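Below is one structure, written out as structure tokens; comments come after it.
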Amino acid sequence: MSGPSDYQPSNPALQWIERRLPIFGLIHSSFVAYPTPRNLNYWWTFGAILSFMLGIQILTGVILAMHYTPHADLAFKSVELIVRDVNYGWLLRNMHAVGASMFFVAVYVHMFRGIYYGSFKEPREVLWILGVIIYLLMMATGFMGYVLPWGQMSFWGATVITNLFSAIPYAGESIVTLLWGGYSVGNPTLNRFFSLHYLLPFLIAGVVVLHVWALHVAGQNNPDGVEPKTEKDTVPFTPHATIKDMFGVSCFMLLYAWFIFYMPNYLGDADNYIPANPGVTPPHIVPEWYYLPFYAILRSIPNKLAGVIAMFSAILILCFLPWLDSAKTRSSKYRPLAKQFFWIFVAVCILLGYLGAQPPEGIYVIAGRILTFCYFAYFLIVLPLLARIETPRPVPNSIADAVLAKTGSKSTPMVSTAIVLALAGALFAGSIDSAKAAEGSDKPPGNKWSFAGPVGTFDRGALQRGLKVYKEVCASCHGLSYIAFRNLAEAGGPGYSVAQATAFASDYKIKDGPNDAGDMFERPGRPADYFPSPFPNEQAARAANGGAAPPDLSLITKARSYGRGFPMFIIDFFSQYQEQGPDYVAAVLQGFEDKVPEGVTIPEGSYYNKYFPGHAIKMPKPLSDGQVTYDDGSPTTVAQYAKDVTTFLMWTAEPHMEARKRLGFQVFIFLIIFAGLMYFTKKKVWAESH
Amino acid sequence: MTTASSADHPTRRDFLFVATGAAAAVGGAAALWPFISQMNPDAATIAAGAPIEVDLSPVAEGQDIKVFWRGKPIYISHRTKKQIDEARAVNVASLPDPQADDARVKSGHEQWLVVIGICTHLGCIPIAHEGNYDGFFCPCHGSQYDSSGRIRQGPAPANLPVPPYQFVSDTKIQIG
Ligand code: FES
């Protein structure tokens, strides 16, 4: 992309094409011979990482679209069916959902790097602005993608975000109606979001081409911020940058795989495993972590229109960065004051993100306002001022000089920055949890689950006993509608044979029809049938249960959670603790107490439960000692029942969990070996250039 | 670039490059599998393709019914004596896809012809009781099948396939 090239392929067939379409010359000059500054550090590999993530997102997205149904009544179910029934559907879905977060991790690193090293400065302003456009498109795409599973957070996120536009004076209401295609968020909204979610990534890819083009015209910036002058300052893109980028990508893949295989729900929200319900808003609406700083800014401003303006300005102000920071020295390496303010700015962004996940009350509001001020002050006061008053340190004459000087000094600021960023990521991610700190309830005690940890598997005995408890106790009120009888015989499940599952199914009466006469009829269940629900519809369930419909239990252990708080959620990332749901379910089953403590009032028709948020639960104590007989000699106590049925419900929530962990182990072994090989290859290649 | 100086110390370095390249190739190929495998029928589709039972008692002689199994139309014809005789009378060797009628029905139940109603030419659904052979006629490109579902005339290369089935009782079959 840097002008016509004199490259000629040696193969005559390729020469023939080259004369008519000089595409090989273009590729050669852009990605092979292209001179890249020799002092680039690993922060520069994030461009390649981002391209990789865009490719992964498009690939997995196109595939998910083959199985997904964009309809308000079917979307949630179709996502569950992808995860449960499609071959490797769980993997593809995790890759896509986690991939979105990884994409944002990479883009934030990429952007902060650009700010730190002054990569937006002359002559790279257009390059930078194109990057901001990509970022905006990513945010729109990410938001619409989050709506598609049509869970509670999807629905209410869509409602809140589209309502931002209602702040526009006069036209606001009509614009929102236009966005919805109705009088509220509904099926037309979901359909158009699906369409646009499919379209936008290709627009992103298009702008990425422009971004790379602009990059190749202006040339890459580098950590020292001096333009390459001679041959000695650069190395050819291939193999040097290619191999280094690939090493960067393979390291990034380790992080990515950690989430895909071991913490797939860490970055998500438990509420999104509850199907969208237009009648109930979750107690805390929290956007995905990557929007949190802007969400905090929105909430800090007490005026609706001003809040929305502030939020959008916080992003758009980035476009003006090249003119707000007019300092001649590019790299913060040589700007002692700018460097410090940069790190303060990073901290401000992280803290804003943390606040975005907290309930908007008390100290959080005040802190949010202060940090919002700091955010804008960095752009509008600090940077313009620094450009005028700061005396930068002398910049090296050339990149080659800088490289030579560096080999002498041992300073590695990268380590500290890496730690800051790792902390930042964990803080961001975990702050979602802390936002949901269970109010008015005790923290569920932790249990030892057989399925916890990187190699955990389901205890078959517990699964079988849990199924019995479900069938004899829970099933009278709670459905299990995503589980088919055939699942009972599948690998990684309760370990029944196909014949046993068939026999189990035939005990059930399944409504089928219409027959040739047009009548519905009942027949014995078959393996392909799903567990029948105890009530024909939600209204009936509600009417029969004092106004509270008993939730379907298929996903209950993933749809319930409780706040872990700081710093637990950071530790959880490393310990792979993700059993909040099971702990909560087991605790609620055992949390009933006849004696209501002093000061707590339980309304008529409700029961006191120590662990239920608000303590008043509509479900009467379901389990008592000796209620279900076990034939394997396990104790018939409430504690054992609770543990068994929770294990069973963890399996119903994720039938392929064992496959996920098993494949994860294999992938990790491979990635570690591969990253090691890449590292040594990279070292070899670079050693030869010195 | 990488090959230029390989003469200096070829073995160790080349081994490294080959190992890395091989690991990348193996990993890439393995990673491809889920993306291909997901195109196959999912578990629910496979489960829904389980055998079905069909009650034959309402089907009178000379009538036929169409049922669906795995999304495919299955013709079940209650053949008349005439149809059976015609099917048995032909010289099997003269047929484009030679197959005797008794190989296409269950012995003892010769009156029942069970075939997958998908034209072996390009997949249209032939119409029963039409054409010159007292069997099926495909309107798409004019293939004609006889009363045993064998191809007699037209572009289709093969007989209508017989799905796996058995008689559970005299009036009930299980397909699949
Ligand atoms: S499809 Fe039947 S004749 Fe062509």
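Below is a table of values for the structure above.
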{"read-out": "Cα centroid of the range A:19-37 to Cα centroid of the range A:626-686, whole Å", "value": "46"}
{"read-out": "Share of carbon and sulfur in the accessible heavy-atom surface of the protein assembly as shown [1.4 Å probe, %]", "value": "64"}
{"read-out": "Heavy-atom accessible area, 1.4 Å probe, ligands and nucleic acids excluded: residues of the range A:81-95 down by at least 20 Å² from chain alone", "value": "A:Asp85, A:Val86, A:Asn87, A:Tyr88, A:Leu92"}
{"read-out": "Prolate/oblate/rounded call for the range A:96-179, Cα gyration tensor, a/c under 1.5 rounded", "value": "oblate"}
{"read-out": "Virtual spin-label span in nm between A:Lys339 and B:Gln99, 7 Å along Cα→Cβ", "value": "8.2"}
{"read-out": "Interface residues in the range B:34-57 - accessible area drops by 20 Å² or more relative to the isolated chain, probe 1.4 Å", "value": "B:Pro34, B:Phe35, B:Ser37, B:Gln38, B:Met39, B:Asp42, B:Ala43, B:Ala44, B:Ala47"}
{"read-out": "³J(HN,Hα) computed for each position of the range A:341-353 - Karplus, 6.51 cos²θ - 1.76 cosθ + 1.60, integer Hz, glycine/proline x", "value": "5, 4, 5, 4, 4, 4, 4, 4, 4, 5, 5, 4, x"}
{"read-out": "Diffusion coefficient, µm² s⁻¹, Stokes-Einstein with Kirkwood Rh over alpha-carbon pairs of chain B at 37 °C and 0.692 mPa s", "value": "166"}
{"read-out": "Cβ-derived FRET efficiency at R0 30 Å, B:Lys82 paired with B:Ala158, nearest 0.05", "value": "0.75"}
{"read-out": "Residue-count net charge about B:Pro163 - beta-carbon cut-off 10 Å; Lys, Arg +1, Asp, Glu -1", "value": "+2"}
{"read-out": "Chain B - Cys residues lacking any other Cys C-beta under 4.7 Å", "value": "none"}
{"read-out": "Distance in nm between pseudo-label sites at A:Glu231 and A:Val455 (7 Å out along the Cβ direction from Cα)", "value": "5.6"}
{"read-out": "Which of A:Trp44, A:Ala33, A:Leu81, positive extreme of dipole for chain A (C-beta unit charges)", "value": "A:Ala33"}
{"read-out": "In Å, descending, principal axis extents of the Cα set of the range A:1-136", "value": "57, 46, 24"}
{"read-out": "Amide proton proximity set for A:Tyr34, modelled H, under 5 Å, gap of 5+", "value": "A:Phe237, A:Thr238"}
{"read-out": "Tensor-based shape of the range A:240-350 (alpha-carbon gyration tensor, a/c under 1.5 rounded, otherwise prolate or oblate)", "value": "oblate"}
{"read-out": "Residue-averaged 222 nm ellipticity for chain A, from DSSP H runs of 4+ at -39500 (n - 2.57), nearest 500", "value": "-17500 deg cm²/dmol"}
{"read-out": "Residue-normalised accessible area of the protein assembly as shown, given per residue in Å² at a 1.4 Å probe", "value": "46"}
{"read-out": "A:Gly151 long-range amide H proximity, modeled H, under 5 Å", "value": "A:Ala276"}
{"read-out": "Chain pair A, B: total accessible area buried, heavy atoms, 1.4 Å probe, Å²", "value": "2100"}
{"read-out": "Spin-label pair B:Ala25/A:Ile381, simplified geometry with 7 Å Cα→Cβ offset, distance in nm", "value": "6.2"}
{"read-out": "Shielding of B:17-26 by partner chains, average beta-carbon count, 10 Å", "value": "5"}
{"read-out": "Once exposed loop trypsin sites (Lys or Arg not before Pro) are cut out (DSSP; at most 14 other Cβ, 10 Å), longest piece of chain A", "value": "A:1-228"}
{"read-out": "Cβ-placed point charges (K, R +1; D, E -1), dipole of the range B:17-85 about Cα centre in debye, nearest 20", "value": "180"}
{"read-out": "Built amide H within the under 5 Å cut-off of B:Tyr165, gap 5+", "value": "B:Gly176"}
{"read-out": "Selected from B:Pro34, B:Leu95, B:Leu16, residue furthest toward positive end of dipole (the range B:1-124; charges at beta carbon)", "value": "B:Leu16"}
{"read-out": "Descending semi-axes in Å of the range A:1-51, equivalent ellipsoid built from Cα gyration tensor", "value": "28, 11, 9"}
{"read-out": "Spread of Cα-to-Cα distances over 5 Å intervals beginning at zero, given as percent, for the range A:67-106", "value": "6, 26, 22, 21, 16, 8, 2"}
{"read-out": "Positive-end extreme of charge dipole, the range A:606-690 - chosen from A:Met657, A:Pro613, A:Phe668 (charges on Cβ)", "value": "A:Phe668"}
{"read-out": "Per residue Cα convex hull volume in Å³ - calculated over the range A:498-586", "value": "174"}
{"read-out": "Over the range A:85-135, volume per residue of the alpha carbon convex hull, in Å³", "value": "72"}
{"read-out": "Under Karplus coefficients 6.51, -1.76 and 1.60, residue-wise ³J(HN,Hα) of the range B:42-55 in Hz, glycine/proline x", "value": "7, 4, 5, 5, 5, 5, 6, x, 5, x, 10, 10, 10, 8"}
{"read-out": "Debye intensity ratio in log₁₀ form over the Cα atoms of the protein assembly as shown, taken at each q of 0.09, 0.10 Å⁻¹", "value": "-1.06, -1.20"}
{"read-out": "Karplus (6.51, -1.76, 1.60) ³J(HN,Hα), θ = phi - 60°, over the range A:669-678, in Hz, Gly and Pro reported as x", "value": "4, 4, 5, 5, 4, 5, 4, x, 4, 4"}
{"read-out": "Calculated on alpha-carbon atoms, Rg and Dmax of the range A:466-511 in Å", "value": "10.7, 29"}
{"read-out": "The range A:136-194, relative contact order [Cα under 8 Å, separation at least 6], %", "value": "31"}
{"read-out": "Charge sum, other residues only, whose C-beta stays under 15 Å from A:Trp128's C-beta, Lys/Arg counted +1 and Asp/Glu -1", "value": "+1"}
{"read-out": "Neighbourhood net charge (15 Å Cβ-Cβ; Lys/Arg +1, Asp/Glu -1) for A:Asn515", "value": "-4"}
{"read-out": "C-alpha center-to-center spacing [the range B:16-44, the range B:128-176] in angstrom", "value": "42"}
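The values are calculated or read from the model by the stated rules, or taken from the named source; none is laboratory data. Predicted model, so just to flag it, every value in this text is computed and none were measured. Every residue, glycine among them, receives a Cβ derived from its backbone with ideal geometry; neighbour counts consider all protein chains shown. Note: accessible area is taken over every heavy atom of the protein model, side chains too, but ligands, DNA and RNA are not part of it. Shrake-Rupley method; radii C 1.70, N 1.55, O 1.52, S 1.80 Å.
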